[in-house]
Amino acid sequence: GEGAEKFVQVRVRHAGTYEQTHAIAASISTSALVKCAMHGEDANWGRILCAAGYAALPAPAWAVDPSKVHVTFEPPPGVQEAPLPTLIDGVPQVVDEAHAARLLRHEDIYVDVDLQGGTW
C-alpha cells in the first residue's frame, strides 16, 4: 500500500482446509501488531501466533493448536542467510538478534507459519 516500506509474504501451511489457511494468512498479514513488528524489524513470533489464533475460521470445526505451531523467518531469494526459527512445536527458541536484524532489514520479508494440522 501507499507508504509501505516492506513487502511481507506470509506462508501458512497445514491448516484444516484451504479456506482456513487463507483466513489465517489474511489475519496475520492484516494485523496492525504484526505490521508494526515487521516495520520495527522485530522477529516477534507472539504477534504472529496471536493473529493466527484470532482468525475467523470458516467451518468445519478446526482450531490452531499453539503447541504444534512453528514460526520461521526466511531469507529473501538470493540472500545467503539461514532461516530463523523463532517458535518450534509451540516452544519459543533462543533468537540470535543479530541474525534476526539481518533478515528483517530487507525490503522483502518471508514468514513461514506451519500449523502442523492443528486440532479437529
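It is to be established whether one or more residues within segment 89-107 are open to solvent by 50 Å² or more (accessible area, probe 1.4 Å) and on the phi > 0 side of the Ramachandran plot. Scanning segment 89-107, I find at least one residue that is open to solvent by 50 Å² or more (accessible area, probe 1.4 Å) and on the phi > 0 side of the Ramachandran plot, so the answer is yes. Against the list (1) open to solvent by less than 20 Å² (accessible area, probe 1.4 Å); (2) assigned to a loop (DSSP other than H, G, I, E, B); (3) of a type in the set (S, T, N, Q), the condition Gln116 fails is (1). Of the candidates Pro66, Pro76, the single residue that is of a type outside the set (Phe, Trp, Tyr) and surrounded by fewer than 16 Cβ atoms within 10 Å (Cβ to Cβ) is Pro76. Residues in segment 79-88 that are open to solvent by 50 Å² or more (accessible area, probe 1.4 Å) and in a loop (DSSP other than H, G, I, E, B) were compared, and the one that is farthest from Val12 (Cα to Cα) is Gln80. With respect to the stated conditions, Ala51 fails to be more than 18 Å from Arg13 (Cα to Cα), free of Cβ contacts under 8 Å to residues at least 60 places away in the same chain and out of contact with any Gly (no Cβ under 9 Å at 6 or more places or on another chain). Taking Val94 as the residue in question, decide whether it is assigned to a strand (DSSP E or B), out of contact with any Asp or Glu (no Cβ under 6 Å at 6 or more places or on another chain), among the β-branched types (Val, Ile, Thr) and modelled with pLDDT of 95 or more. Here the answer is no, as Val94 does not meet what is asked.
Specify the residue that is farthest from the chain's Cα centre (by Cα); the eligible residues are those in segment 16-40 that are buried (at least 16 other Cβ atoms within 10 Å of the Cβ) and assigned to a loop (DSSP other than H, G, I, E, B). Filtering segment 16-40 for residues that are buried (at least 16 other Cβ atoms within 10 Å of the Cβ) and assigned to a loop (DSSP other than H, G, I, E, B), the one farthest from the chain's Cα centre (by Cα) comes out as Gly16. Within segment 41-60, the set of residues being more than 10 Å from the chain's Cα centre (by Cα), assigned to a loop (DSSP other than H, G, I, E, B) and not charged (D, E, K, R) comprises Tyr54, Ala55, Ala56, Leu57, Pro58, Ala59, Pro60.
The values are calculated or read from the model by the stated rules, or taken from the named source; none is laboratory data. Just so you know, these numbers come straight off a predicted model, no measurement behind them. With ideal geometry, Cβ positions are generated from the backbone for all residues, glycine too; neighbour counts draw on all protein chains shown. For the accessible areas, the whole protein counts, side chains as well, though only heavy atoms, and no ligand, DNA or RNA atoms are used. Shrake-Rupley method; radii C 1.70, N 1.55, O 1.52, S 1.80 Å.
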